[in-house]
Amino acid sequence: MISLVVRTKNEARWIGRCLTGIAAQSWDDFEILVVDNDSTDATRTIARRFGARVLSISDRDFQYGRALNIGIDAARGDLVGIISGHCIPVHDSWLSTMAAHFADPKVAGVYGRQVPLPDSDPFDKRDLWTTFGVERRVQRTDFFFHNANSMVRRTAWEALPFDSDINGVEDRDWAKKVLALGYRIVYEPLASVHHHHG
């Protein structure tokens, strides 16, 4: 089983599209956990319609890494996919494309491409096209990693959870630490999502 952790805050505009894309995946053995940060819109209601387990984190306690740790701690899968509530898988093999890399026991994490939507701001389009290229790479020293669209090996996370106290960049902080332990990070451009902003 793969567990999917989705971070949300007032994502009613996007969460249905995100979860529709997840529901359409060719890999059908997964669970969805939504870690919601005090949404005041219909985010939680929509998530429950898709069968997601909804966990809560308050604004007072919120940090990106802490929200992920809450979700992963409650997850049952050996692999944990991470996607932002405003990202939408581009195709039905998004999940299986990332999961395939974990056949290599040295892979701790995989992150995928992010592509803009037609109505994304031109500057966001530029940033996404520049940051997320079309070539796959295996990273042994480069610790760039992005949790808007990623997957981690649970045992690597158990050894090194995300930092619950830093404000952002919990993904790169984690990648730097797991690379230092001899793991690898894979960038897989075929595991792509639409991301409205950069």
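The values are calculated or read from the model by the stated rules, or taken from the named source; none is laboratory data. Keep in mind that this is a model prediction, so the values were computed, not measured. For neighbour counting, all protein chains shown are included, and Cβ atoms are generated from backbone atoms with ideal geometry for every residue, glycine included. When the accessible area is computed, the model is the full protein with side chains, heavy atoms only, and any ligands, DNA or RNA have been set aside. Shrake-Rupley method; radii C 1.70, N 1.55, O 1.52, S 1.80 Å.
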* Mind listing just one residue for me: the one in region 74-113 that is free of Cβ contacts under 8 Å to residues at least 40 places away in the same chain and either in a helix (DSSP H, G or I) or within 21 Å of Thr131 (Cβ to Cβ) (or both) and, of those, least open to solvent (accessible area, probe 1.4 Å)? => Ala100
* Could you check, for region 115-124, whether at least one of its residues is assigned to a strand (DSSP E or B) and touching a Ser or Thr at 6+ places or on another chain (Cβ under 6 Å)? => yes
* Residues of region 107-119 that turn out to be over 28 Å from Gly182 (Cα atoms) and within 20 Å of the chain's Cα centre (by Cα), as a count -> 3
* To do: Look at His194 and say whether it is under 19 Å from Trp14 (Cα atoms) and either free of Cβ contacts under 8 Å to residues at least 24 places away in the same chain or not β-branched (Val, Ile, Thr) (or both).
  => yes
* Out of the residues in region 44-73 that are among the polar types (S, T, N, Q) and under 25 Å from Asp165 (Cβ atoms), which is most open to solvent (accessible area, probe 1.4 Å)? -> Ser56
* Any chance Asp142 is among the acidic types (Asp, Glu), open to solvent by 60 Å² or more (accessible area, probe 1.4 Å), farther than 20 Å from Met98 by Cα and in contact (Cβ under 8 Å) with a residue 12 or more places away in the chain -> no
* Asked: Would a scan of region 19-32 turn up a residue that is open to solvent by 60 Å² or more (accessible area, probe 1.4 Å), of a type in the set (Val, Ile, Thr) and under 17 Å from the mean Cα position of the chain (by Cα)?
  -> yes
